[in-house]
Amino acid sequence: AAIARRIVPNVHLVNRFAQCSRTFRTNLSNGSISSNPGIYMYCTAVATSVYFGWKWIRKNAVVEAAKPTRRMTDEPSLRGLKLNHRERRFIKFASAEYQGQLYMTPQDFIESVTDSEPRPRMKRRILHERDLDQFAQETPVLSKGSPDMFRNIFDRGTISYTEYLFLLSILTKPQTGFRIAFNMFDTDGNERVDKEEFLVLEKIFSTARRDRLNRALEGAVKSSTTGEDVEVLEDELQKSHVVDTTLLLHFFGRKGKQDLKFEEFKMFMENLQTEVLEIEFNEFSKGLPAITELDFAKILLRYTYLQSDQYEMYLERLLDRIPEGKGITFNEFKSFCQFLNTLDDFAIAMRMYTLADQPISQEEFHRAVKICTGAELSPHIVDTVFKIFDDDGDGQLSYKEFIAIMRDRLHRGFKQQQSREGWEGFKACVKDAMNTDQPQQPSLT
């Protein structure tokens, strides 16, 4: 069919060739071809043109026939399934693939929680058995864990979608929540977690996603009765095969026989939190031991849903109130971010302390933080926070506004923004009104 499409527009060439052929046969029969050398040249040119024309037609026909009917997307097998924001972000940043399943590298994970876009790449890397064997040899054992482990491994490792969710939850866990997270895996209560217990998390999420796929597939089958196209759905985020990922190798060794103790698990969580905070801090410090108060404000506001004019308002307010700051060290920055992991406890404490939702002073803020975390924040960083969020400069903080903005920062843009328009907005307002006097439940992520 492709050849025919190429030939039809050139019918006049075919007619011309037929005419030349008839002339050639007539001259041949009359015996005049041997006495007319121009005929030789003419026939040679025609034959050459036909030969190369035929080769060109065949080449273009093959290329056209090889073109796919549609270009594959980054999530070709997930079309028809409504993805949530974490699934979309995982697919966006995942740079590796093994047997049809997508994986992040440790560097991909770091970028997914510190950058808005992944680093430029041509395409995903297709992993083979030899790659996984090489990753296993280079993955450090649990006793060699450190706050720069993910940066050292870089792209020589794999993280599954389930582990991605697990790591996200670690970033928002307070110190007091580490034990709870460990006990979720320790199903037999022996104060140790083995590989099979850890993989229970994988099975839970696999079942949940399989149910979503089945529901989507049922809807597709129903649509087939109306004559619409039906696509067979598969799940690139959760396949049936099990790969020894970076976390499994780090926690349980290459043979998978080691057990994970609570103190080791706690150290891993602390290291991961510290590593992500160091990366954020170093982005602004440029190798210096401290960042400016303005940089600190930018870090706090970078994941929020503020409008551009609101964002600029907070920064200008800080500049007016602290024209020449003394800087904020990493330890001060880390302590404040660890306090944010207890934000729900802080909100409850504030609600009980000021029943009338009155603004609080720096002294009251200090006391609430000490109650929630058991640690104290430096007076300078508390003063900086008040300079950012104190509306009228009277030394009092509207803690409800502060908590709302810091929740966005804590969840690093993963908390979905509620619609405030139409029916969805109405339902959101009703839900807020019903929950006004009730403490909010802590979020996993």
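The values are calculated or read from the model by the stated rules, or taken from the named source; none is laboratory data. Note that the structure is a prediction, hence the values are computed from the model and not measured. Positions of Cβ are generated from backbone atoms using ideal geometry, with glycine treated the same way; all protein chains shown enter the neighbour counts. The protein model used for the area step is the full one, side chains on, heavy atoms only, and it has no ligands, DNA or RNA in it. Shrake-Rupley method; radii C 1.70, N 1.55, O 1.52, S 1.80 Å.
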Extension gain, SER378 back to ASN84 (0.36 nm per residue minus Cα-Cα distance, nm)
102.0 nm
Give the accessible surface of the range 240-330 per residue, rounded to a whole number of Å², with probe radius 1.4 Å and ligands, DNA and RNA excluded.
51 Å²
List the equivalent ellipsoid semi-axes of the range 106-150 in whole Å, largest first, each obtained as the square root of 5λ for an eigenvalue λ of the Cα gyration tensor.
22, 19, 5
Expressed in nanometres to one decimal, the distance between label points 7 Å along Cα→Cβ at TYR311 and ASP211 is 3.8 nm
How much accessible surface area, in Å² rounded to 10, belongs to the heavy atoms of LYS400 with a 1.4 Å probe?
110 Å²
For the range 368-392 and the range 239-314, write down the distance between their C-alpha centroids in whole Å.
22 Å
Expressed in nanometres to one decimal, the distance between label points 7 Å along Cα→Cβ at LYS92 and THR354 is 3.5 nm
Segment LYS266-MET184, extension gain: residue separation times 0.36 nm, minus the distance between their alpha carbons:
28.2 nm
What figure in square angstrom, to the nearest 10, would you give for the accessible area of HIS411 with a 1.4 Å probe?
20 Å²
Run the simple label-point estimate for ILE204 and GLN134 please: 7 Å along Cα→C-beta, distance reported in nm.
3.6 nm
For the full complex of protein chains and a 1.4 angstrom probe, list ARG192, ARG254 by accessible area with the highest value first.
ARG254, ARG192
Reported to the nearest 10 Å², ILE126 has, with a 1.4 Å probe, an accessible area equal to 90 Å²
